[in-house]
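Q: My questions all concern the structure below.
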C-alpha cells in the first residue's frame, strides 16, 4: 500500500507525496541516512495534529516497513535470489508499535539453495543499510546477519519450537518476541503457515504456555505500599523508572499470552486488548484502563524519543516521576495498577 493511499488526518496526507518512490532511489544510491530526520519530523507532526500514540506508532511502523522494503528491493538487484525469500519482522515491528529509536528485530526465510558466503555478504549489507537509515542494530543479535535468524521453513519451525520448549536455549530476548512476527518482503503463505503452527504448538503444549507465564514471575509492582515509585537506586538513571521494562513489557506479554490461549488473532497489543474485552476475558473497565495505560506509556516513549533527538542523545525509556506533574504521576500509577492486575490474572490462571 502506497503512502498516499493510507488514512489521512483532517483530510490531509500524513506523509509527503511520493516518499515511497524516493525511498527506493535513496536505498539504491546509499542515501537513506536522510530518512532519520524525516522520520522524527513526521512523528512530531502527527502528535502535533492530535494523533494518538497508537495511531502514531502504527504510522511510524508503516514508514519503517517501507524503508526495509526499499533496502531489500535495492539488494535484490545484486542478489536476485533474495526475491525468493521472505523477510520477517519480529517484536514491536511485528505488532505495529515502533517508536523513535526502535531497533532491528528481523529474520530471513530462505526456501532455495544459496551459497552461504553470498548470504552472509547480502544480509550483513542489509542490516548495515538499515542501521544507516536509523533502524539501529539489535544488541541481542536478532537480525538476518545472524545465521540463527535465517533458514528454510523446517529449520525455522524446529528452531522456534525448540526455543519455546527449552528455557536453557533462550537467548538475550524474551520468548514473546518470536511469537509476534510479520512478513515484510516476499511470499507470505509460508510465514502464515509457520505462525499458525507455532501458535498451535503453544496452545496445545501446557509446558510451553507455562514457560511464557513464568516470564512474568519476576514482575514487581514498581510502587511501594505507600504509593511511592520504585526507581533505580544507583547509576546514571538513579531516581528514574524504566517504563518499558518495568511496566509496558508486562502488558505486552500478558496480552499475548491471553491471545494465544483464546486464539485471538490481532498482533497489535491494543487490538488484542479490545478483542479480549469483547470476548469477556477481561472486563470492559479493566480493558479500558489497560488501553489508557498503554496510550500514556507509549506516548511518553514517543515524547522521550523526540526530546532525545533535540538534545542529541540516544533515545531511552526512562522517566523521572519526581519531575512529572500530579496528573501525569496519577496516569503512571493508574497504568501500573492496571498492568499489575493483568499480570496477576495471567499468573493465577484467571480467564485462561
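Bear in mind that the values in this text are calculations on the coordinates, not laboratory data. Note that this is a predicted model, so its numbers are computed, not measured. When we count neighbours, we look across all protein chains shown, and the Cβ atoms used for this are built from the backbone with ideal geometry, even at glycine.
Q: Write down, largest first, the equivalent ellipsoid semi-axes of the chain in whole Å, where each equals the square root of 5 times an eigenvalue of the alpha-carbon gyration tensor.
A: Sorted largest first and rounded, they come to 32, 26, 19 Å.
Q: When ranked by the protection proxy of mean other Cβ atoms within 10 Å per residue, highest first, what sequence do the peptides 50-62, 219-231 form?
A: Working: 50-62: 19.6, 219-231: 13.2.
Ranked by mean Cβ neighbours within 10 Å, highest first: 50-62, 219-231.
Q: Separate question: Taking every Cα atom in the range 140-288, find the radius of gyration and the maximum pairwise distance Dmax, and write them in Å.
A: 17.5, 54
Q: If I take R0 = 30 Å and measure r between the Cβ atoms of residue 81 and residue 205 in this structure, what FRET efficiency does the formula 1/(1 + (r/R0)^6) give, to the nearest 0.05?
A: About 0.30, to the nearest 0.05.
Q: Of the candidates 284, 121, 334, which one comes out as most mobile in a Gaussian network treatment of the chain with C-alpha springs shorter than 10 Å?
A: 121
Q: Grab the Cα-Cα distance for residue 41 and residue 347, subtract it from 0.36 nm times how many residues apart they are, and report the gain in nm with one decimal.
A: Computed gain between residue 41 and residue 347 is 106.0 nm.
Q: Also, quick follow-up: Pick out which of 87, 153, 185 has the largest mean-square fluctuation in a Gaussian network model of the chain, springs linking Cα atoms closer than 10 Å.
A: It is 153.
Q: Roughly what would the spin-label model give for residue 48 and residue 124, points 7 Å off Cα along C-beta, in nm?
A: 4.2 nm
Q: Nearest-5 percent of antiparallel DSSP beta bridges in the range 3-211? Display every interim value, and only then the final one.
A: On the way: 9 of 12 bridges.
Approximately 75 percent, going by the DSSP bridge assignments.
Q: Taking the mean number of other Cβ atoms within 10 Å as a proxy for protection, how do you rank 245-252, 286-293 from highest to lowest?
A: Working: 245-252: 21.1, 286-293: 19.0.
Output ranking for 245-252, 286-293: 245-252, 286-293.
Q: How much length is gained on full extension from residue 322 to residue 193, taking 0.36 nm per residue of separation minus their Cα-Cα distance?
A: 41.6 nm
Q: Work out, in µm²/s and without decimals, the Stokes-Einstein translational diffusion coefficient of the range 83-148 at 37 °C, 0.692 mPa s, Rh from Kirkwood over C-alpha pairs.
A: Once the numbers are plugged in, D ends up at 265 µm²/s.
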